[in-house]
1. Restrict the check to the range 68-81 and report whether at least one residue is free of Cβ contacts under 8 Å to residues at least 24 places away in the same chain and of a type outside the set (A, V, I, L, M, F, W, C).
2. Is it the case that P121 is crowded, with 23+ Cβ neighbours inside 10 Å and assigned to a loop (DSSP other than H, G, I, E, B)?
3. Scan (1) charged (D, E, K, R); (2) touching a strand residue (DSSP E or B) at 6+ places or on another chain (Cβ under 7 Å); (3) part of a loop (DSSP other than H, G, I, E, B) for the single condition R390 breaks and write down its number.
4. Have a look at A371, A356, A352 and point out the one that is in contact (Cβ under 8 Å) with a residue 40 or more places away in the chain and surrounded by 15 or more Cβ atoms within 10 Å (Cβ to Cβ).
5. Quick one: which residue in R344, R350, R333 is under 25 Å from the mean Cα position of the chain (by Cα), in the same structural domain as L312 (by TED's automatic domain parsing) and either closer than 30 Å to N255 by Cβ or acidic (D, E) (or both)?
6. For the range 13-90, list the strands (runs of 3 or more DSSP E) that sit wholly inside it and hold at least 3 residues that are of a type in the set (F, W, Y); which are they?
7. Just name the residue that is farthest from L248 (Cα to Cα) out of those in the range 201-229 that are touching a helix residue (DSSP H, G or I) at 6+ places or on another chain (Cβ under 9 Å) and of a type in the set (S, T, N, Q).
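The values are calculated or read from the model by the stated rules, or taken from the named source; none is laboratory data. The structure presented is a predicted model; accordingly, all values stated were derived computationally and were not measured. Reconstructed Cβ throughout: ideal geometry from the backbone, glycine too, with neighbour counts over all protein chains shown.
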Amino acid sequence: MAAWQFDIVLSHCRIVDGCGNPWYRGDVGVRGPRIGAIAAPGTLRGARSIVVGDRYVAPGFVDPHTHSDLSILVYPRADSALRQGVTTHVVGNCGMSAAPAVGRRLPDLQQLWEYYGFGDPRLGWKWRSFGAYLRAVAAAAPSINIAGLVGHGALRVAAMGFDERPARPEEQALMQRLLDESMRQGAFGLSTGLVYPPGCFATTEEIVALAAVAARHHGIYASHIRGERETILEAVAEAIRIGREGRLPVEVSHNAPKWGAPGGAAANLGLIEAARREGQDVTTDNDSHTDLAPRLSRALPQPVLDLPLEELFALLGDPRRRAQLKRDVEEDRLPGAGYTGLVRHHAFDRIAVLHAPGLPALTGRSIAAIAAERGVDPFDAFLDLIVETRDAAVGIFDYIDEDDIRALLSHPLSMCCSDGLVMPPCEELDDPSLYWPCSYGEYPGILERYVRDEPLLTLVPGAAVRPVRPWRPAARPGGRHRRLRPRAPTRPRHQPVPAQCPPGERAAPASRGHRLRAGQRAGRGRLRRAHGGAAGTSVAAPRRLSRRA
């Protein structure tokens, strides 16, 4: 082999391929924007050679559940992903996607994103179709691959805004048409967020009809199910039913039972295992964190979530309406997000104030402690803080049992996700910053906590890398024809190879990640750079990942 045939050579690596095979020793040669070869140790030569030694090299991780739809346009460097070895984000989860954006309903879609703190004045929102959104992503030249799902919430907003009712036939037809167009333009499937407005107002039949449209294009169905607490088993069963009747694979999103659930993760997993025994393709995912930091108002019932601020404050200031709101929380007619269970069950000692503008002395204190100091009911203290901070109070909700997270991450039908998003580069982070540890530290945290510190998983023969799942998420978004080769020289060519150090060791210098070749053409069975964009940028346009990857 000619000298300097490769730009970078990672030599004498321990290669973990993500397929569950034992690690093996070898060299990885990088040529331009692609991995050029994998060969026997010491046989490749390059302009720059990095002796990796006993450290591990793996394909770039695929994060199957993120919310980077908009933030990737603002922070295309994607530092928070690349720094933890992630090279692909699946976006459009929980029923929230940035497209389609029907003109007259655009303000409603923007409002949907702003509710969750993902709005940004720099976005412009010039796209309307899903294809135009993908072109906008490609034009931003992101450093990672993007694979998009169509959010049911975006479809519903386009057809009927935030109306709290079942869809009419003409509205259902419009949603199906928009989904069909989006799938043709490059979407990988359909997602729902059935604890959030507007998705929580949809019937199962509405979603089955949409799932059938995605199925015609070999898409998947990913669901933030209709209740992760008291109704979690019924909600998992509904997701399985939608996949069965819609005839498409199902991904049950972040499926750890939340506070108030009747049992542990074994019951949820049992339903998924039973469906698979009957021949249905169902899997699940979860992140590794037991808490979340939303605004306090996000724990209120869904009909309240779309109220303008002044109307919300008027409601909370009226004793009669406040009393009715408390009853609505306890009745939980439309099951809310998992963290709302702490409010419903009055577990205010598990909610701590993270940010309270104008009330810095409250930071770090629980709602229960604040209520005791004020001599008021904890529920009232919770609602008062929403008003006193003009809905800017953020709390850390400790609402998941770590034993359930362990059970999920170690299960062969589960993959790890971050449930995060591309964040600003380190030098642009605010102080104090948003509490989103999963966005910068999800995958290193798993290797640290569950491989090095607690032997729940092992790095070799690949068990720890498998829950990080470079292979399973890649096989998920339309990639049912993706081939997994057990240790052959023809390894994945479009993914970077971040070095991971074994327990207790410092990582060696790693090469920069390399992505898809610029201008790679679309075609059946390919993940390609769509509609132009900078070299090395990849946006999923057809519905299949590369067969070679």
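1. In the first step, residues of the range 68-81 are kept if they are free of Cβ contacts under 8 Å to residues at least 24 places away in the same chain; the result is none.
No - not one qualifying residue is present in the range 68-81.
2. No.
3. (2)
4. Values: A371 fails: in contact (Cβ under 8 Å) with a residue 40 or more places away in the chain; A356 fails: in contact (Cβ under 8 Å) with a residue 40 or more places away in the chain.
The match here is A352.
5. Numbers: R344 fails: under 25 Å from the mean Cα position of the chain (by Cα); R333 fails: under 25 Å from the mean Cα position of the chain (by Cα).
Checking each option against the conditions leaves just R350.
6. Values: elements: 24-31, 34-39, 46-51, 61-63.
In the range 13-90, there are no strands (runs of 3 or more DSSP E) which contain 3 or more residues that are of a type in the set (F, W, Y).
7. Here the answer is T204.
For (1) within 15 Å of V282 (Cα to Cα); (2) at pLDDT 95 or above; (3) in a strand (DSSP E or B); (4) not assigned by TED's automatic domain parsing to the domain that holds L269, each residue gets a yes or a no:
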position: G186; (1), (2), (3), (4): no, yes, no, no
position: L190; (1), (2), (3), (4): yes, yes, yes, no
position: P197; (1), (2), (3), (4): no, no, no, no
position: A211; (1), (2), (3), (4): yes, yes, no, no
position: A235; (1), (2), (3), (4): yes, yes, no, no
position: I242; (1), (2), (3), (4): yes, yes, no, no
